[in-house]
Amino acid sequence: MATPFKLSRAYPTRYGVPSITHVDRRMFTHRYFTHCLQCTFCHDWCCQDGVDVDLLHVRAMERHRQGLEAATGVPYDRWFTDETEEDDDVPGGATRRTNVTKRGCVFLASDGRGCMIHRFCSERGIDYHELKSLVDVLFPLTYEGRLLTIADEVEDGSLVCLDTGPTVYRGMRAELDYYFGAGFVAELDELEGELLGTEATAVAEIAPADVRQRDSASTGLPLASGPGVRSAPNQ
Ligand code: SF4
């Protein structure tokens, strides 16, 4: 990995942690499909292995336990594996891992596309950030300590939609703004401009990758059948 950019200061998330001081410049050059639910070839690949859910969001899910169980058909005792991994850099201080079935993450919809947690939020007017974990929403970005970097699947080339759309940064810019604030993305915009030239920062803003999932729920239309991704190991 090339030397990461050092930021002018530390940027904590709205939850206090993680706090980012360096960013991996590959996020400005590596590309992925981005508009996940418009994808016709990935077969929900990025949700195959489940996802780490920080305890802050585990607790939020538990507050909606009854509704989530009814909406997803997944009883609470099947939501997570038994393991809890402590980590001071995640909201809540630890993570739990969602269970997987033959199809993938236990929350992956079996009657169409997308994440049933996300659908649950969309149908009830709940901001999906409240129930979906930080790393879930940020994929294909992730973080290691104080470094914001690309996910392993981008680095090793296994992400099935690589090189098919905007850069990882442009795809995730709105989410970075949500979690880290306007000052953070303003500094990243400058770094992007230095790296790629000013024209790179003039591209249109890209909505969060899963906006179509919200649209589908709000219009009452069924989620399209067939393959699809959401932005998380994902989304
Ligand atoms: S978006 Fe996250 S929680 Fe939802 S199905 Fe995919 S991996 Fe599971």
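FYI, it's all coordinate maths here, none of it is from the lab. Everything numeric here is computed off the predicted structure, so don't read it as measured data. In this analysis, Cβ positions are derived from the backbone assuming ideal geometry, glycine residues included, and neighbour counts consider all displayed protein chains.
Restriction of the GluC sites (Glu not before Pro) in the stretch 99-155 to DSSP coil positions whose beta-carbon has at most 10 other beta-carbons within 10 angstrom yields no sites.
I want the local charge near His22. Using Cβ-Cβ distances under 11 Å, sum +1 for each Lys or Arg and -1 for each Asp or Glu among the other residues. If you can, show how the numbers build up before the last one.
Details: positive: Lys6, Arg25, Arg146; negative: Asp24, Glu144.
Spelling it out: positives minus negatives among the neighbours equals +1.
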